[in-house]
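Derivation of every value follows stated rules applied to the coordinates shown; laboratory data play no part. A quick note: this is a predicted structure, and the numbers were derived from the prediction, not measured. Please note: Cβ atoms are built from the backbone with ideal geometry, for glycine as well, and neighbour counts cover all protein chains shown.
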Amino acid sequence: MEQRKHVDFVSALIFIVISIFMIFSGIGYYNELLQRREIPFIESPGLMPVIVGSGLLICSLMLLKRSMEDTSIKEITQNIKDGAKSLANKQTLYTLVGIALMGLYIYVMIPLFSSIHVLNSILYGLPFIIGTIIFLIGIMLYLKATSLFKISIISVTFVIILYIMVRVVFNAPLP
């Protein structure tokens, strides 16, 4: 039970930071869109991150409060140290690397491939297709899902189906 308190404390701090980031990102989306045209916040793409971030912030604060019940400042600092040690295991490492790969995909690969206008002129969405295939192959290789051949077939098939669903069925733009 005591170890769970440590993990809850550290997790709550991490999720508080994530939720604040989500809230400010949502507001940033709205401000960016507002510069181009006048649109109410309720209709902007920044609404959902703000709602989810606010909910996550409330839940994280409740978890933080629960993990700090009947503890002193000295115990709280010890909770941080013990929680960090408890989180340092193989399963957590896999999760953190997976999150880092997703961040790399979203914040580096997609913008990088999207900036290559030649790719987009060949086929609309080609940067998204290439980046997503590379990401899926990379994450499945990291998780040792199956052989490289099967992973490649699965990734390409998934991206083709996704492309058809988004572009043809829903007639929506790709990132």
Original post:
Taking the Cα atoms only, what angle lies between the long axis of helix 2-36 and the longest principal axis of the chain, rounded to 10 degrees?
Top reply: 40 degrees
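Quick check on the chain: helices-only [θ] at 222 nm, where DSSP H runs of length 4 and up contribute -39,500 (n - 2.57) each and the sum goes over total residues. Nearest 500, please.
On the way: 8 runs with 130 residues, N = 175.
Value at 222 nm, helices only, nearest 500: -24500 deg cm²/dmol.
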Original post:
trypsin sites (Lys or Arg not before Pro) within region 134-175: which are DSSP loop residues with at most 11 other Cβ atoms inside 10 Å?
Top reply: 144
Original post:
Reported to two decimal places, what Rg/Rh ratio describes region 89-175 when computed on Cα atoms with Rh from the Kirkwood expression?
Top reply: 1.02
**OP:** Tell me which label goes with the value of Kirkwood radius over Cα pairs in Å computed from the coordinates here: (i) 19.4; (ii) 20.5; (iii) 16.5.
**Re:** (i)
Subject >> Nearest-ten-degree value, helix 73-87 long axis tilted from longest Cα axis of the chain >> reply: 40 degrees
Original post:
Within the chain, what's the longest stretch lacking GluC sites (Glu not before Pro) that sit in DSSP loops with no more than 15 other Cβ atoms inside 10 Å?
Top reply: 70-175
Original post:
Hey, fewest Cβ within 10 Å first, where do 170, 21, 41 land in order?
Top reply: 170, 21, 41
Subject >> Eligible lysines near residue 144 by straight Cα distance, threshold 20 Å, same-chain separation 8 or greater >> reply: 90
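Could you give the size of the charge dipole of the chain about its Cα centre, using +1 on the Cβ of each K and R and -1 on the Cβ of each D and E, expressed in debye and rounded to the nearest 20?
Values: 13 positive and 9 negative charges, 89 e Å.
In total the dipole reaches around 420 debye.
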